[in-house]
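Bear in mind that the values in this text are calculations on the coordinates, not laboratory data. Note that the coordinates shown come from a computational prediction; the quantities given were computed from them, not determined experimentally. Cβ placement follows ideal geometry from the backbone for every residue including glycine, while neighbour counts extend to all protein chains displayed.
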Protein chains: 2
Amino acid sequence: MINPFNDEYFMKKALQEAEMAFDKDEIPVGAIIVIDNKIIARSHNLTELLNDVTAHAEMQSITAAANFLGGKYLIGCTLYVTLEPCQMCAGALYWSQISKIVYGASDENRGFVKMGTKLHPKTTIVSGILADEAADLMKRFFAQKRK
Amino acid sequence: MINPFNDEYFMKKALQEAEMAFDKDEIPVGAIIVIDNKIIARSHNLTELLNDVTAHAEMQSITAAANFLGGKYLIGCTLYVTLEPCQMCAGALYWSQISKIVYGASDENRGFVKMGTKLHPKTTIVSGILADEAADLMKRFFAQKRK
């Protein structure tokens with residue numbers, strides 16, 4: 001039997017969230033958190049709408065997932081996010097001890113890899129899942145902004 | 001005329017916040033944000049009470065100050081925090097473009113200096129203000145926890 005619940009399946013859900021951010025004129029980044037193939041948090045960037053630099057998609061999903069689980073540690077959880085996390089989000093993920101992070105497009109300027117942010121030693125990372133789709137959405141957003 | 005509004009004056013207010021965290025059985029870290037000698041945000045660590053790793057004192061003050069100002073950038077603001085910010089909080093401060101960060105005790109394990117987190121190039125840093133008081137509060141907290 002084919003398992004439909006692979007990284008691409010869940011990244012598509014995160015991309016849907018990114019599209020919701022796009023429609024709100026927010027930098028289009030979406031995130032979800034999954035445990036045992038169940039989505040327990042969905043969010044998209046809301047920094048403009050909320051006037052708050054901390055309102056990145058990942059931060060909202062971390063808070064929502066902890067709320068769902070009734071505990072602040074996200075052990076056993078996977079974060080799917082369309083763009084590589086920044087220092088702040090990677091720092092929050094470090095504290096959460098999340099088991100796995102899957103991201104789409106790389107952020108070569110402000111992503112945690114370039115910035116050297118440390119993740120929790122127990123966290124595994126997968127990158128490049130539906131990266132083109134995520135990057136295209138970002139490019140469309142900034143092309144539209146320049147008009 | 002003596003200006004009463006110096007870094008020690010405001011750090012005392014942040015220490016009062018840290019004591020409120022202590023009384024709630026939270027790791028005792030407090031923060032305030034000041035603009036033009038006016039306190040526009042006060043907060044203390046609430047990670048246990050809120051079950052949320054993102055509920056550090058700094059994060060709450062960043063959100064509150066932006067809300068007060070009606071804009072997400074904290075240009076012209078100073079953050080006073082009793083303990084050196086972590087990666088997450090330094091990452092949020094980076095995005096906020098805050099003008100000045102004043103912290104008390106150093107966090108040699110998980111502070112942003114050791115972790116190598118980048119702050120905004122326009123942000124100036126002052127450290128060691130009432131550091132002993134902040135460190136003593138932390139020591140008392142962990143000594144009590146071990147009992």
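Remark on B:Ile125: its backbone amide H falls under 5 Å from those of B:Ile101, a criterion applied only to residues 5 or more positions apart or on other chains, H modelled at 1.01 Å from N. The string of couplings for segment A:52-69 from the Karplus curve (6.51, -1.76, 1.60, θ = phi - 60°) is 8, 5, 8, 8, 5, 3, 4, 4, 5, 5, 4, 4, 5, 5, 5, 4, 4, 7 Hz, one whole number per residue in order, with x for Gly and Pro.
Dipole magnitude for segment A:1-107: about 480 debye, using +1 per Lys or Arg Cβ and -1 per Asp or Glu Cβ, origin at the Cα centre. With neighbours defined as other Cβ atoms within 10 Å of a residue's Cβ, the residues B:Val113, B:Val102 order from fewest to most as B:Val113, B:Val102. Less than 5 angstrom separates the built amide H of B:Ile39 from none of the residues sequence-distant by 5 or more or on a different chain. A helix-only calculation puts chain B at -12500 deg cm²/dmol for mean residue ellipticity at 222 nm, using -39500 (n - 2.57) for each DSSP H run of at least four residues, averaged over all residues. Each copy carries a label point for B:Lys114 at 7 Å from Cα along the beta-carbon vector; from one copy to the others these points are 2.8 nm apart, nearest first. As a proxy for reagent exposure, ranking A:Glu58, A:Glu48 by other Cβ atoms within 10 Å from fewest up yields A:Glu48, A:Glu58. The other copies place their A:Lys145 label points at 3.9 nm from this one, listed shortest first, where each point is 7 Å from Cα along Cα→Cβ.
Here the scattering of chain A is modelled by Debye summation over its C-alpha atoms, one equal scatterer each and no solvent; at q = 0.10, 0.15, 0.20, 0.21 Å⁻¹ the log10 of I(q)/I(0) is -0.30, -0.68, -1.24, -1.36. Per residue, the average separation of C-alpha pairs within less than 8 Å and at least 6 apart gives chain B a relative contact order of 21 percent. With the charge dipole of the protein assembly as shown set up from +1 on Lys and Arg Cβ and -1 on Asp and Glu Cβ about the Cα centre, the Cα lying farthest toward the positive end among the listed residues B:Val53, A:Asn51, B:Ala41 is that of B:Val53.
Other residues with beta-carbon under 11 Å from the beta-carbon of B:Ala14 carry, at +1 per Lys or Arg and -1 per Asp or Glu, a net charge of -3. Our summary gives segment B:60-147 a relative contact order of 28 percent, counting only alpha carbon pairs under 8 angstrom and 6 or more residues apart.
Taking Cβ atoms as reference points and 14 Å as the exclusive limit, the residues near A:Pro85 contribute a net charge of 0, counting Lys and Arg as +1 and Asp and Glu as -1. Each other residue within a Cβ distance under 10 Å of B:Leu50 adds +1 if Lys or Arg and -1 if Asp or Glu, for a net charge of -2. Position B:Gly71: other-copy label points at 4.4 nm, ordered by increasing distance, label point 7 Å along Cα→C-beta.
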